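For reference, the structure is listed below as structure tokens.
The values are calculated or read from the model by the stated rules, or taken from the named source; none is laboratory data. Just so we're clear, the structure is a prediction, and the values are computed from it rather than from any experiment. Don't worry about glycine lacking a Cβ; one is built from the backbone with ideal geometry, like all the others, and counts go over all protein chains shown. Side chains are part of the model used for accessible areas, which takes the heavy atoms of the whole protein and leaves out ligands, DNA and RNA. Shrake-Rupley method; radii C 1.70, N 1.55, O 1.52, S 1.80 Å.
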Amino acid sequence: MKYIVLIICLCNLFSFTVKAKERPTVITAEIFGYQRDKVHFDFIEKEGINMEFPYKDGQLIEFMVELDDITTMILNTFIEVYLQPGDSIHVKVTYNGRNYDKVEFSGTPAAVAVNSKLHEKEILQRQRNYKTNIPAMLVTLVDAKKFHEATLKEWKDEVEMLGQVKDQIDPRVYNMVISGIEGTLLTNLMTYPYASASFHKKKLEDCMTADYWTALDGYKLRDDEASLRSRAYQCMLAPYKDYVRAKEARDAGKEYEPLTSLEEQYKDFVAFYDGSLRDTALFVFLYNSGAAGEDFDVIEKLVKDYLKKYNKNKEYKKILNQVMQ
């Protein structure tokens with residue numbers, strides 16, 4: 001059996017904690033039955049360390065990376081793995097045709113516990129034929145009302161599943177993972193009736209269950225640093241605001257009119273959120289507006305206002321400054 005060994009030396013070592021410097025994260029993988037030429041390891045929260053290897057059946061791939069915080073690694077597009085500085089994880093993947101059939105983890109106990117549970121969650125979704133991708137749901141004619149009920153059940157079951165290993169993993173890892181679950185499921189819960197009504201040219205009311213407007217009553221947003229590290233949760237903040245605003249209008253007997261101008265939307269985020277939630281929501285809004293090619297002059301003005309008044313996260317500031325160059 002041949003070994004591929006690669007040690008990645010990163011340049012920005014000044015940003016790492018002493019602990020992270022002394023304890024690199026070790027990743028090994030064995031993959032069987034894969035039908036593509038390359039094996040991909042993508043690190044979502046850490047730029048510049050994505051890896052690609054030529055595929056050979058059963059070959060052991062081994063490399064080390066320096067991480068400075070919890071990081072999501074995506075193996076071959078669909079297999080999600082959460083890692084911390086100093087973890088050692090071995091991933092054994094068996095494919096059946098184009099889809100992976102089995103994933104096994106070994107290594108650091110906490111990493112094995114959380115990632116095994118995540119794989120269990122994915123298998124449950126597959127067994128239930130539960131889809132999280134809205135375009136896929138639309139073209140396969142997933143009924144909006146049935147999907148609402150299925151999502152509520154999925155939310156409850158996945159939170160319970162993760163709770164089974166809560167005492168075995170770092171609390172910050174738990175928060176980031178559960179936020180990823182909720183960010184995905186609750187976004188779909190709130191937005192799919194609108195997407196379904198528009199795509200299938202139906203009345204919105206015909207795509208909503210009786211409890212659509214009460215399903216999130218009592219839900220408390222997560223505002224801790226680890227939860228807001230989740231990309232899915234970051235992206236949920238805009239639809240959550242619109243959901244609540246639409247509910248407020250409905251309760252007042254009015255029709256909700258989504259805001260259209262960038263300035264109005266910005267002001268509404270400022271009014272709706274505060275603290276770390278406002279910081280994250282504004283960052284995502286401004287980043288997405290810039291990426292979508294909106295009015296540069298307006299975005300530039302809003303970015304300056306955000307950085308002056310509301311920015312707390314230095315990484316957000318760095319990213320927006322890069323986008324605005």
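Of the solvent-accessible surface of region 262-324, computed with a 1.4 Å probe and all protein chains present, 45% belongs to carbon and sulfur. A 1.4 Å probe run over region 262-324, with the rest of the protein chains in place, finds 56 Å² accessible per residue.
With all projection directions averaged, the alpha carbon convex hull of region 218-316 covers 6.8 nm². Taking the Cα centre of each part, how many Å lie between region 22-90 and region 237-297? About 36 Å separates the Cα centre of region 22-90 from the one of region 237-297. Any chance you could tell me what percent of the C-alpha pair distances in region 50-107 go past 18 Å? When every Cα pair of region 50-107 is considered, 36 percent fall beyond 18 Å. Where does the charge balance sit around Gln265 when Lys and Arg score +1, Asp and Glu -1, over other residues with C-beta under 14 Å from its C-beta? Cβ neighbours under 14 Å give a net charge of -3. Averaging the Cα positions of each part gives two centres, and for region 150-190 and region 196-216 these lie 24 Å apart. Max-minus-min Cα coordinates of the chain on each principal axis give 68, 46, 38 Å, with the largest extent listed first.
The residues packed around Val284, meaning those with a beta-carbon under 12 Å from its beta-carbon, carry a net charge of +2 if Lys and Arg are +1 and Asp and Glu are -1.
Measuring how big region 202-257 is from its alpha-carbon positions, Rg and Dmax come out at 13.6, 40 Å. For region 139-197, the solvent-accessible area with a 1.4 angstrom probe is 42 square angstrom per residue. Under the combined filter of DSSP loop state and at most 16 neighbouring Cβ atoms within 10 Å, region 204-262 retains these GluC sites (Glu not before Pro): Glu225, Glu255. Reported value for region 262-324: 67 Å³ per residue, from the convex hull of its C-alpha atoms.
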